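Step one of this worksheet: look at the structure below.
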Amino acid sequence: MGTRPKSSAADEGGPLRFTCDAMLGGLARWLRAAGYDAQFQYGIADGELVAGADASGRMILSSDGPLFERNVIKSGTVAALFIPRQLSKLDQLRFVVRELKLPLLPPRCMGCGGELGEVPKHTVTAEAPPLAFRNCDRFWRCKGCGKLLWRGTHWQKITSRLEQIGAELQSEEGNEDLGQEKGC
Ligand SMILES: [Zn+2]
């Protein structure tokens, strides 16, 4: 179901950028953690989603079957990937990473998708929670929303999940016809 993305889309102007349908907010957040610019808007209508993707050159990720019947998607004018329903957020991410052969990139802000820039520790003395300030030496600020981040346990959990997915994919290379995810 849906249209295979044009292979040239990935070669032009850097990594793929995405726009997720109204049901896939969790996937958008995980894609950002994996380093991808993934847009998401609560309650966005299909028409608006498609028009936005067309205008911005983003690939649509959606679990909405009827959306794939639209001519712009059928013709490949707008790239789109159908995300099977009833997958967990992490399995959705695994599916996308596998289908599009996405390498993991430096993480983006999971909240807004902004790029992260490292900031010197001495500049966050007043802002960082005392425990994080004591335990971490490196801090980053989101260039989009300004949120301060550090490699606490939450970050480490997310990173280890992502690395696990990356490792699974590497071990599958050369075995691309193995087919469906276990347990699906
Ligand atoms: Zn942000």
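Laboratory data are not the source of any read-out in this text; all were calculated from the coordinates shown. It should be emphasised that the depicted structure is a prediction, and the values quoted were computed from it without experimental measurement. We place every Cβ from the backbone using ideal geometry, glycine too, and count neighbours over all the protein chains shown.
Observations on the model:
- Counting only DSSP H runs of at least 4 residues, each contributing -39500 (n - 2.57), and dividing by the residue count of the chain, the helix-based mean residue ellipticity at 222 nm comes to -10500 deg cm²/dmol.
- Averaging Cα coordinates gives a centre for the range 42-60 and one for the range 108-164; these two points are 30 Å apart.
- Charge dipole of the range 22-71 about the Cα centre (unit charges at C-beta), most positive-ward option of 61, 30, 45: 30
- Cα-based values for the chain, radius of gyration first and Dmax second, are 17.8, 56 Å.
- Protection proxy ranking of 26-37, 48-59, 131-142 - average other beta-carbon atoms within 10 Å, highest first: 26-37, 48-59, 131-142
- Helix 153-172 axis versus longest C-alpha principal axis of the chain: approximately 40°, rounded to the nearest ten.
- Length added when fully stretched, residue 163-residue 45, from 0.36 nm per residue minus Cα-Cα: 39.1 nm
- Relative to the current alpha-carbon distance between residue 131 and residue 172, full extension at 0.36 nm per residue lengthens the span by 10.8 nm.
- Figure legend: label point modelled 7 angstrom from the Cα of residue 148 along Cα→Cβ; residues of the range 103-121 with amide N under 17 Å from it are 116-121.
- Computed from Cα atoms, the angle from the helix 89-100 axis to the main principal axis of the chain rounds to 60 degrees.
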